[in-house]
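Here is the structure we will look at.
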Amino acid sequence: MFRIIALLSFVLLSTVVSAQKSFISNKVIAHRGAWKQQKNPQNTLASFDSAVELGCEGSEFDVWMTADGVLVVNHDPDYMGMPIETTDYETLLTKKHENGEKLATVEEYLANGKKQKTTKMIFEIKPSKISIERSKEVAEKSVLAVKKMKAKKWVDYITFSYEGGLKVIEMDPSANVAYLNGDKTPAELKEVGFFGFDYNLNVLKKNPHWIKEAKDLGLTVNAWTVNEKEDMEWLLKEGADFITTDEPELLLSIVNSEK
């Protein structure tokens, strides 16, 4: 009898712990991680970890491909004055972020993100400035990297590259892919298999009807980069699924106050 009770207690405890490790749902996407209030360099492991500690639903990061085909995490097309697309990875490693971190590869970033099970990684595939074909190559390598790292359940994709987004959908039809550029209607995105859109706030203010149209079509709605309280409240009222912000602390306080 004692063994049975002990076994049941273990199963119950394991169930509770497992439930606590499920992904958060609170609409808050930290733009380039949580960096502004936390004093972290953007797009670093530290900024991602801070977003996890805050309890954000997702943390966005940006991906480029180096001249020698390595996927790296950085927002701008250049890193410390070196253009990423025309510089090899070893050269990029000669400089470090302000906190001492080196420029992370996608594999390193995904490995770090997989250490937790509460915050999704919002994987932005940056469009190549060299060619559309290169954008599609970056998209293909991104999906392969996620599969290699067994990180699919942690990752949603976003991209300004329409062709890159279609490549992700082609390679993994079950992937969640949102389009960023703001020049496609919800119906157009639905037709080709996008999961939703992630449009600039001003695009949605000019086309507020797109929010309802997207919801009616089963698409998700996200907006970037939303840093003002009144804009956050407007999007929440309109039913946005996610809000991307440099101020995740502020958005979290608003979301939590409405519970």
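A few points about this structure:
- Most fluctuating residue given options Ser142, Ser59, Ser174, as computed from a GNM of the chain linking Cα atoms under 10 Å: Ser174
- Value of Rg/Rh across segment 71-189 [Cα atoms, Kirkwood radius]: 0.97
- DSSP bridge pairs, the chain: antiparallel proportion in percent, nearest 5: 20
- Taking all C-alpha pairs of the chain, those more than 24 Å from each other amount to 50 percent.
- By the combined test of axial Cα extent (at least 18 Å) and Kyte-Doolittle hydropathy (mean at least 0.5), the qualifying DSSP H helices of the chain come to 2-20.
- Candidates Phe195, Phe23, Phe61, ranked by Gaussian network fluctuation over the chain, Cα under 10 Å, top entry: Phe23
- The separation of segment 24-72 from segment 175-229, counted between C-alpha centres, amounts to 21 Å.
- Computed from the Cβ-Cβ distance with R0 of 22 Å, the FRET efficiency linking Val192 to Glu133 stands at 0.70.
Here, each number is a calculation from the coordinates, and none is a lab measurement. Here the structure is a predicted model, which means the values were calculated and not measured. For neighbour counting, all protein chains shown are included, and Cβ atoms are generated from backbone atoms with ideal geometry for every residue, glycine included.
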